[in-house]
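A.B. asks: Take a look at this one; I'll ask things after.
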Ligand SMILES: Cc1ncc(COP(=O)(O)O)c(C=O)c1O
């Protein structure tokens, strides 16, 4: 199926304070964010025409900018309102929202204090991140050769464009070998996360997940931990070594785009999508529907 290029679509994009025709939302080639990765973004999901966890995502965008030493010239509330306006203008009942903030072309070079910070928000109809088959049977994952860097090597708590270099490289390598995705270890050799989602293990009825000390503490991750606790499932955040995957009965990923997706294979380890994962998927679906229906009312 041919992909329609993202710069050649109908509709409106919010850019620096106003909605404008989709194809006119452009930047100059000498934009600092493009050359030096002074760019942060969000990924949000629309259910029932409403954005799930909008406040949390809007605040994380601002926090990510501050971690990259720039101040987004809008409050979280203004960003949230603009996101709602963008979804409305696109007439979307479900789909995806992409707010992005970057340093402009006023200054070139590593220093960027004189640049202006720009913000754009686009929304479009986007199906599931992984195929329906992969979501049902579980993903096949390889080991990434790239490691998540230490927090004093990269600003790992922020959702930055630069942070995704090693994710794209790892995802390409996995897909070239016929896998759906790759699991990344961190610089210490501990289990970290997938290329665009957090990871959970089910071990003897308990949920185990790596402590997010060098990767994104995903909003979906936090939501799923809350759902598990509501079901009286013990949730353990801790250091997880790769060989501990041998002890897991189930493994799944969590993320805004991938929601909760079971995993059936990581390198030499095999799993069967099971009851804990399925129950959390049902609870998550109920929550996304209930919260967004309440927002719509
Ligand atoms: C690298 C990475 N880790 C984790 C996540 C999960 O974050 P969230 O649940 O906030 O979408 C994402 C998704 O955006 C991601 O790209």
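Just so you know, all these numbers are worked out from the coordinates, no wet-lab data involved. As the structure is a prediction and not an experimental result, all values here were calculated from the model. Cβ sites come from the backbone with ideal geometry, for glycine too, and all protein chains shown count toward neighbours.
A.B. asks: Please specify each residue of segment 32-45 satisfying the condition of being out of contact with any helix residue (DSSP H, G or I) (no Cβ under 6 Å at 6 or more places or on another chain) and within 16 Å of the ligand (Cβ to nearest atom).
C.D. replies: So the first thing to find is which residues in segment 32-45 are out of contact with any helix residue (DSSP H, G or I) (no Cβ under 6 Å at 6 or more places or on another chain), and the list is 32-36, 41, 43, 45.
The answer is 41, 43, 45.
A.B. asks: While we're on this one: For segment 213-226, how many residues meet the condition of being within 13 Å of the ligand (Cβ to nearest atom) and touching a residue at least 40 places away in the same chain (Cβ under 8 Å)?
C.D. replies: 8
A.B. asks: Take segment 224-263 and flag every residue that is under 30 Å from residue 124 (Cβ atoms) and over 20 Å from the mean Cα position of the chain (by Cα).
C.D. replies: Correct list: empty.
A.B. asks: Another one. Among (1) away from the ligand (no atom under 14 Å from the Cβ); (2) in contact with a helix residue (DSSP H, G or I) (Cβ under 8 Å, 6 or more places away or on another chain), there is one condition residue 229 misses while meeting the rest; what is its number?
C.D. replies: Unmet condition: (2).
A.B. asks: Go through the residues of segment 131-143 one by one and say whether even a single one is under 18 Å from the mean Cα position of the chain (by Cα) and not in a strand (DSSP E or B). Reasoning before the result, please.
C.D. replies: Start the filter on segment 131-143 by keeping residues that are under 18 Å from the mean Cα position of the chain (by Cα), which leaves 131, 135, 139, 141.
Next cut, not in a strand (DSSP E or B) only: 131, 135.
The answer is yes; a qualifying residue exists.
A.B. asks: Still on this structure, I have one more. In segment 218-259, which residues are in a loop (DSSP other than H, G, I, E, B) and exposed (fewer than 15 other Cβ atoms within 10 Å of the Cβ)?
C.D. replies: From segment 218-259, those in a loop (DSSP other than H, G, I, E, B) are 218, 231-234, 239-241, 248-249, 256-258; that's our starting set.
Residues satisfying the conditions are 231, 232, 234, 239, 241.
A.B. asks: Next up: Name the residues in segment 91-108 that are closer than 22 Å to residue 56 by Cα and not in a loop (DSSP other than H, G, I, E, B), would you? Explain how you work it out, then say what you get.
C.D. replies: Let us first name the residues in segment 91-108 that are closer than 22 Å to residue 56 by Cα, namely 92-102.
95, 96, 97, 98, 99, 100, 101, 102, listed by residue number.
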